[in-house]
Amino acid sequence: SQKIEQNSEALNIQEGKTATLTCNYTNYSPAYLQWYRQDPGRGPVFLLLIRENEKEKRKERLKVTFDTTLKQSLFHITASQPADSATYLCALDEQAGTALIFGKGTTLSVSS
Amino acid sequence: ETGVTQSPTHLIKTRGQQVTLRCSSQSGHNTVSWYQQALGQGPQFIFQYYREEENGRGNFPPRFSGLQFPNYSSELNVNALELDDSALYLCASSLAQGSRYNEQFFGPGTRLTVL
């Protein structure tokens, strides 16, 4: 069966460190993968999209990698800040791109 | 530029009732998707509308139905509500320019509680 797994439900790190979140999938062949941030009581906010033929993408303090052989994406936040505390969701495309299939998310807590 | 808006923000219904949730897409966006997010879970795809036609559907029963209007706003209707329908319902709009690689812009959601 198809599955998307995000490595842990919760991740606690200290301010200034790099947070690394993992997204693994099975029985999918996505054309791309997206990462979203969700704050409590709010809708997800798009962060980054990486295509199947891209290995890495960066945006400010964020970096995403995509390994279609390992069926895994890593999401890094460098120099983390308390304001980065949120739930981070990975999502794959399905149904020729009409649907996004989300993982359960990883809740990141950055302490000062 | 106006973002995605949803109404109402909260709703309480009883089992067996019907509910209609509304969504206004971001200016210039012609595609609307609906998602259901249960507590502690990721959003689950319900369906997508593109130019007023259903363009894809997730694993939801027919009592979940939708509409998209000429101004690209959308409705989600759920009939015969069940307790398990209690969730945050999210609407997302995107601009389908013939490419699959479009980010989705989410609204704040409607919190539905079924008693």
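Observations on the model:
- Shape category assigned to the range B:22-83 from the gyration tensor of Cα positions, a/c cut at 1.5: prolate
- Anisotropy class of the range A:34-95 from Cα gyration tensor, a/c 1.5 cut: oblate
- The Kirkwood hydrodynamic radius of the protein assembly as shown, based on inverse pair distances between different Cα atoms, is 18.1 Å.
- Partner shielding of A:32-44 amounts to 4, given as the average count of beta-carbon atoms from other chains within 10 Å of each residue beta-carbon.
- In chain A, the ratio of gyration radius to Kirkwood radius, Rg to Rh, stands at 0.95 when only Cα atoms are counted.
- Ranked by how many other beta carbons lie within 10 Å on average, peptides A:82-91, B:11-20, A:22-31 from highest: A:82-91, A:22-31, B:11-20
- Average Cα contact separation per residue, chain A, under 8 Å, 6 or more apart, as relative contact order %: 35
- Percentage, to the nearest whole number, of Cα pairs in chain B over 19 Å apart: 40
- Using Cβ point charges alone (K and R +1, D and E -1), the dipole size of the range B:36-113 about the Cα centre works out to roughly 140 debye.
- The trypsin sites (Lys or Arg not before Pro) of the range A:1-72 meeting both criteria, a DSSP state outside H, G, I, E and B (loop) and at most 14 other C-beta atoms within 10 angstrom of the site's C-beta, are A:K17, A:K55, A:R61.
Bear in mind these aren't lab numbers, they're just calculated from the coordinates by the rules spelled out. Worth saying up front: this structure is predicted, and the values here are computed from it rather than measured. Neighbour counts run over all protein chains shown; Cβ positions are idealised from the backbone, glycine included.
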